[in-house]
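Presented below is the structure to which this report refers.
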Amino acid sequence: MNEYIKGNIKKIIYKNDNGYTVGTFKIKESSNKFEYLINQQISFTGYFHDINDYDTYVFYGNIVNHAKYGEQFSVELFDRVMPEEKDSITEFLASGIFKGIGEKTAKKIVDFLGSDALKIIIDNPDNLLLIPQITKKQIDTLHNTLLEYNSSYNMILNLNELGFLTKDSMLIYNKYKVNTNSVIEENLYKLIEDIKEITFKKVDAIALKHDYERCDKRRVKAAIIYTMEELCNTLGHCYLNIEEIYKYTIMFLGNNISEEDFIEILNELILEIKIVKEEDHYLLMSMWDAEENITRRIKYLSLKEDFKVNDIDKYITQIEKDKNIVYNDEQLLAIKNAILKNFLIITGGPGTGKTTIVSSIIDLYRDVNKLTYDKLNEEMVLLAPTGRASKRLAEKTRFPAYTIHSFLKWNKDLDKFAINEYNKSDAKIVIIDEVSMMDVPLFNSLLKGLRLDTKIIMVGDYDQLPSVGPGQLLKDLIESNLLNVISLRRLYRQGNDSNIITIAHDVNKGIVDESIMNISDDLTFIDTKENILEKIENICLKYKDYDFRNFQVLAPMYKGLNGIDNINKYLQNIFNPKSNNKKEIQIGEFTYRENDKVLQLVNMPEERIFNGDIGIISKIDNKEIIIDFDTNQVKFTPSNFNKFKLGYAISIHKSQGSEFDVVVLPVVKGYNKMLYRKLYYTAITRAKNNLIILGDIDALRIASKNNLQDIRKTSIKEKLIKKFSID
């Protein structure tokens with residue numbers, strides 16, 4: 001790496017526990033590329049250990065433009081240059097890191113030893129005895145501190161030489177400090193379990209280059225843990241059986257290992273309490289702990305004595321009058337129980353009035369407890385798993401709603417929540433919407449951040465797709481048949497979207513009734529077994545001037561002729577064709593141009609955008625892309641271009657928690673294994689006013705009858721049954 005700047009740190013603005021640092025840097029020297037910056041100050045970011053304002057540093061990296069903070073130097077590697085001039089050495093020795101050495105003593109040392117003072121102190125500290133009035137204690141302090149000072153820096157250099165990037169080296173050193181070398185020598189794979197950012201693949205590649213055998217027990221143990229994590233996160237399981245762990249571990253190891261040796265190593269992991277065995281179920285310790293915590297808390301809340309409210313019916317009658325509404329028996333039961341019970345699940349399909357009930361629960365809780373709006377805000381929290389779902393909830397209830405991550409104050413750099421078991425929220429009642437999307441680890445983190453007696457109300461659709469992450473929380477809780485559950489069955493949404501609601505409920509029952517299609521504008525079916533893209537084009541031309549954000553094509557898979565990637569390229573030419581008036585940029589296989597519709601792929605809470613948000617590219621300039629998310633202008637640079645993609649067509653999974661005025665839904669037999677009920681039911685329920693299905697009616701029938709997909713291995717249902725049976 002040739003591009004560098006050399007100089008001194010002027011100020012540290014921010015530094016976290018992992019060593020990630022933001023500061024300002026005065027440049028004295030540079031490579032040719034950055035000569036224009038000499039004698040200027042610039043902001044810098046990177047991963048460091050014990051940097052200071054008296055050493056001289058060489059930073060290797062490049063200039064990046066941050067969306068908020070402007071031009072910064074992103075440091076990828078760095079060298080520390082020990083002071084060489086007498087004045088600099090004197091200043092260094094008197095800087096405060098050497099206890100008992102002041103400016104006078106420092107000057108004496110440098111005057112006597114000259115510009116080689118630091119080298120002499122390290123190699124021959126007894127030479128300092130020749131300096132008048134220098135004590136043995138001062139000599140030991142100088143020698144030991146300088147050795148330690150160099151040692152930490154050398155450890156990081158050693159990690160770099162092993163093959164770790166500076167960022168990873170910093171994470172490793174900050175974790176182990178003086179024990180770094182011994183940990184590395186004893187078991188390189190220990191890094192994986194201690195440091196989340198260090199992956200199995202990264203360590204494994206380095207270990208195999210440094211004399212680790214392919215069947216080394218340390219490697220096999222790490223591979224078993226990695227295998228279980230990958231399978232659970234990819235397939236949504238909470239536990240695994242021994243056959244699949246063995247099969248996939250061998251695949252990840254890239255070599256065979258006897259079943260006998262494998263079982264012996266697996267049993268060692270159980271003794272080390274890294275894996276838990278329950279009958280023939282094997283769980284990672286973190287997953288076992290999550291399931292235990294969830295079931296224990298839910299049992300406690302469910303058995304806790306109900307609240308007592310005098311004349312609760314009087315309050316409800318007043319709310320009905322204020323809202324000009326009459327609740328049916330199901331809704332009345334849900335609203336009442338939300339106030340009286342400590343734990344409640346409200347479930348129902350589209351059109352059953354879930355959001356109306358949430359809004360009424362807010363009003364009833366406020367009235368019963370005689371709260372001001374500010375006090376209500378302190379006691380009650382509305383949550384949803386995604387940004388779009390929380391925005392929708394806030395719009396419909398007219399009450400603030402948050403993502404679970406933002407409520408728990410997620411720190412992206414540390415991947416930790418500030419609201420946790422040691423710093424709990426004061427909320428007295430929490431309502432969580434779109435619960436089907438919430439995975440087991442996230443719900444566990446939420447429970448840890450809530451007080452033991454916080455009332456919890458979960459709202460969701462039992463028949464929606466389960467979470468992307470491990471578990472099927474809502475399904476398991478309801479199917480335990482032990483909890484307070486209100487199921488809403490009566491349909492309320494009528495008018496323009498009545499046929500959409502009907503087909504949603506039909507598909508959920510395994511029925512496809514063609515008679516309700518094409519009888520009104522809200523539900524259209526276009527029969528075509530070929531030329532899907534051509535038919536989509538005709539539809540899109542009709543809606544070409546429609547608001548991008550409220551018109552959405554949903555498809556189940558990315559690859560193939562009728563996959564999302566190909567549909568996006570096709571629709572881009574319809575909605576936003578190439579023009580001399582629009583700048584564009586090539587990123588991988590896709591071209592992005594100004595005015596393109598894009599989909600956000602990850603949470604970026606610091607920018608107030610979340611996974612599933614839809615934006616429009618407003619400007620492309622000098623490898624920077626500015627995307628408008630509902631008037632929130634966010635700047636992207638090449639380092640995070642992978643956080644969005646074209647959004648004319650998006651996956652059904654990504655649409656969860658969202659609602660669009662118009663949904664176009666292709667369904668063809670070529671989608672194969674993606675033709676299953678929950679997926680298409682979820683897609684249909686995303687349409688608010690118009691649903692256009694095009695493709696093969698037989699493919700839709702296959703999807704509606706296929707209820708066997710996404711079978712997940714979870715224990716929460718069984719654990720709840722066991723825990724309740726103890727009483």
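Residue-level check: of (1) at pLDDT 95 or above; (2) in contact with an Asp or Glu (Cβ under 7 Å, 6 or more places away or on another chain), Gly449 misses just (2). Of the residues making up the range 313-325, those that are over 41 Å from the mean Cα position of the chain (by Cα) and either open to solvent by less than 100 Å² (accessible area, probe 1.4 Å) or under 17 Å from Asn337 (Cα atoms) (or both) are Asp313, Lys314, Thr317, Gln318. Assessment of the range 431-439 against the conditions (over 28 Å from Asp313 (Cα atoms), touching a Pro at 6+ places or on another chain (Cβ under 6 Å) and aliphatic (A, V, I, L, M)) yields at least one matching residue.
Which residue is farthest from Asp547 (Cα to Cα), if the candidates are limited to the range 655-672 and must be part of a loop (DSSP other than H, G, I, E, B) and out of contact with any Ser or Thr (no Cβ under 7 Å at 6 or more places or on another chain)?
Narrowing the range 655-672 to residues part of a loop (DSSP other than H, G, I, E, B): 656-659, 668.
Add one more test, that the residue is out of contact with any Ser or Thr (no Cβ under 7 Å at 6 or more places or on another chain), and what stays is 658-659, 668.
Working: Ser658: 15, Glu659: 14, Val668: 27 Å.
By that ranking, first place goes to Val668.
Out of everything in the range 391-416 that is in a helix (DSSP H, G or I) and among the polar types (S, T, N, Q), what residue ends up being surrounded by the fewest Cβ atoms within 10 Å (Cβ to Cβ)? Applying the filter and picking the extreme gives Ser406.
Counting only strands (runs of 3 or more DSSP E) that sit wholly inside the range 562-636, those with at least 2 residues that are open to solvent by 10 Å² or more (accessible area, probe 1.4 Å) are 584-587, 590-593, 614-621, 624-629, 632-636.
The criterion of being of a type in the set (D, E, K, R) and either farther than 21 Å from Glu718 by Cβ or at pLDDT below 95 (or both) holds for Glu272.
Can you find, within the range 637-669, the residue that is surrounded by the fewest Cβ atoms within 10 Å (Cβ to Cβ) among those that are among the aromatic types (Phe, Trp, Tyr) and under 21 Å from the mean Cα position of the chain (by Cα)? The qualifying residue surrounded by the fewest Cβ atoms within 10 Å (Cβ to Cβ) is Phe641. Residue pairs whose Cβ atoms lie under 9 Å apart, separated by 6 or more positions or on different chains, with the first residue in the range 600-626 and without any contact (Cβ under 8 Å) to a residue 24 or more places away in the chain and over 19 Å from Val468 (Cα atoms) and the second among the acidic types (Asp, Glu) and loosely packed, with under 15 Cβ neighbours inside 10 Å, do not occur. Of all residues in the range 363-389, those satisfying the criterion of being without any contact (Cβ under 8 Å) to a residue 40 or more places away in the chain and over 27 Å from Met604 (Cα atoms) are Arg366, Asn369, Lys370, Leu371, Thr372, Tyr373, Asp374, Lys375, Leu376. Every condition in (1) assigned to a loop (DSSP other than H, G, I, E, B); (2) more than 30 Å from Gly46 (Cβ to Cβ) is met by Val368 except one, and the failing one is (1). In the range 200-236, of all residues being in contact (Cβ under 8 Å) with a residue 24 or more places away in the chain and of a type in the set (Ser, Thr, Tyr), the one that is farthest from Ile275 (Cα to Cα) corresponds to Tyr212. Please indicate, with yes or no, whether at least one residue in the range 100-108 is open to solvent by 80 Å² or more (accessible area, probe 1.4 Å) and hydrophobic (A, V, I, L, M, F, W, C). Looking for residues that are open to solvent by 80 Å² or more (accessible area, probe 1.4 Å) and hydrophobic (A, V, I, L, M, F, W, C), one finds none in the range 100-108, hence no. Taking Asn62 as the residue in question, decide whether it is in a strand (DSSP E or B), open to solvent by less than 30 Å² (accessible area, probe 1.4 Å) and at pLDDT below 90. The answer is no for Asn62. Checking each residue in the range 269-290 for being in contact (Cβ under 8 Å) with a residue 40 or more places away in the chain and of a type in the set (Asp, Glu) picks out Glu278, Asp289.
The set of residues in the range 670-682 being closer than 20 Å to Lys509 by Cα and open to solvent by 10 Å² or more (accessible area, probe 1.4 Å) consists of Lys673, Met674, Tyr676, Arg677, Lys678. Evaluating Lys26 against the criteria (1) open to solvent by less than 30 Å² (accessible area, probe 1.4 Å); (2) out of contact with any helix residue (DSSP H, G or I) (no Cβ under 6 Å at 6 or more places or on another chain); (3) modelled with pLDDT of 90 or more leaves one unmet condition, (1).
On the stretch given as the range 235-254, residues that are open to solvent by 30 Å² or more (accessible area, probe 1.4 Å), within 25 Å of the chain's Cα centre (by Cα) and more than 24 Å from Ala207 (Cβ to Cβ) total 2.
Could you list, in sequence order, all residues of the range 425-436 that are open to solvent by less than 30 Å² (accessible area, probe 1.4 Å) and not small (Gly, Ala, Ser)? Of everything in the range 425-436, those that are open to solvent by less than 30 Å² (accessible area, probe 1.4 Å) and not small (Gly, Ala, Ser) turn out to be Ile429, Val430, Ile431, Ile432, Asp433, Glu434, Val435.
Inside the range 1-41, residues that are free of Cβ contacts under 8 Å to residues at least 60 places away in the same chain and assigned to a strand (DSSP E or B) make up a count of 21.
The values are calculated or read from the model by the stated rules, or taken from the named source; none is laboratory data. If you're wondering where the values come from, they're calculated on a predicted model, not measured in any experiment. Don't worry about glycine lacking a Cβ; one is built from the backbone with ideal geometry, like all the others, and counts go over all protein chains shown. Protein only, heavy atoms only, side chains kept; ligands, DNA and RNA dropped before computing areas. Shrake-Rupley method; radii C 1.70, N 1.55, O 1.52, S 1.80 Å.
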